[in-house]
1. Rounded to the nearest 500 deg cm²/dmol, what is the calculated helix-only ellipticity per residue at 222 nm for the chain, with -39500 (n - 2.57) per DSSP H run of length n ≥ 4?
2. Looking at the chain, send over the antiparallel percent of its DSSP beta bridges, to the nearest 5.
3. Order the peptides 89-95, 11-17, 137-143 from the highest to the lowest mean number of other Cβ atoms within 10 Å of their residues.
4. Would you mind checking which residues have amide H under 5 Å from ILE132's amide H? H placed 1.01 Å from N; only 5 or more apart, or other chain.
5. Each residue of segment 55-64 in turn: what ³J(HN,Hα) in whole Hz from Karplus with 6.51, -1.76, 1.60 and θ = phi - 60°, glycine and Pro shown as x?
6. Straight-line reach from LYS39: which aspartates and glutamates have a Cα under 17 Å away, not including same-chain ones fewer than 8 places off?
7. As a quick test, which of the pairs LYS2/LYS165; LYS2/LYS168; LYS28/LYS168; LYS28/LYS165 have an alpha carbon distance above 28 angstrom in this structure?
8. How big is the charge dipole of segment 14-173 about its Cα centre, in debye rounded to the nearest 20, if each Lys and Arg gets +1 on its Cβ and each Asp and Glu gets -1 on its Cβ?
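Derivation of every value follows stated rules applied to the coordinates shown; laboratory data play no part. This structure is a prediction, so every number in the text was calculated from the model and none was measured. Glycine gets a Cβ as well: all are built from the backbone with ideal geometry, and neighbour counts include every protein chain shown.
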Amino acid sequence: MKESEKATFGAGCFWCVEAVFQRLEGVKDVVPGYCGGDKDNPTYKEVCTGMTGHVEVAQITFDPATISFDELLTMFWQSHDPTTRNRQGNDVGTQYRSAIFYHNEEQRSAAERSMEKFDNSGAYSNPIVTEITTLDQFWPAEDYHNNYYDNNPNQPYCRIVIKPKLDKLFMDK
C-alpha cells in the first residue's frame, strides 16, 4: 500500500475545506489552491472574479492505511451543501461550486458510488449537483492562504463561518 495519496475537493471557500480536513487523523497535509479553470497559475484575485472557471479547492495528502478515500468522501459530503450550484452559504460564484477532482479511476469510481449513496440517502432535500472531474492541473494558492483558520482564528470569517462548522462536525470527537 502507498504511504500517501492525494484527494482534491472543492466545497466552498478553501479556508473552510482546509480547516475541516486538517483535523482528520491520517491527513498529512492540506494545500489550498485552484482547479478546473482555463488560466495558468491564477491568482486569488482573478479566481474571485469568477471569470477564470477555477474552483477553490483543497488538495489533501493522506495516509490510506489510516484514513480511506471513502472516509474522506464522507467528510466531504457532510462538510458542505452539495445540492447548491455555485454557492456555499454567503459565498456565491462558480469558484465555490461543489467538486471532486479525481486523481485516478479508482477515485472516480469511488466518488460516483459515494455521490449516489448520499444522493439516495434522504440526507438532502434536493439532488446533489457536485461535479466529478479528472484532475487536470492543481495550482497552489498564495502562501497566506495556508493554515488560514489556524493562523487567523479571530478574523470575522473564521469566527462566523469556519468555527461553527468545525464545532458541528467535530463536537463528538
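1. Mean residue ellipticity at 222 nm (helix-derived): -8500 deg cm²/dmol.
2. 85 percent
3. The packing order, highest mean first, is 11-17, 89-95, 137-143.
4. The list, which skips near neighbours in sequence, is ILE100.
5. 10, 6, 10, 10, 9, 10, 9, 9, 9, x
6. Result set, ordered by chain and number: GLU56, ASP136, GLU142.
7. The answer is LYS2/LYS165; LYS2/LYS168.
8. Dipole about the Cα centre, nearest 20: 560 debye.
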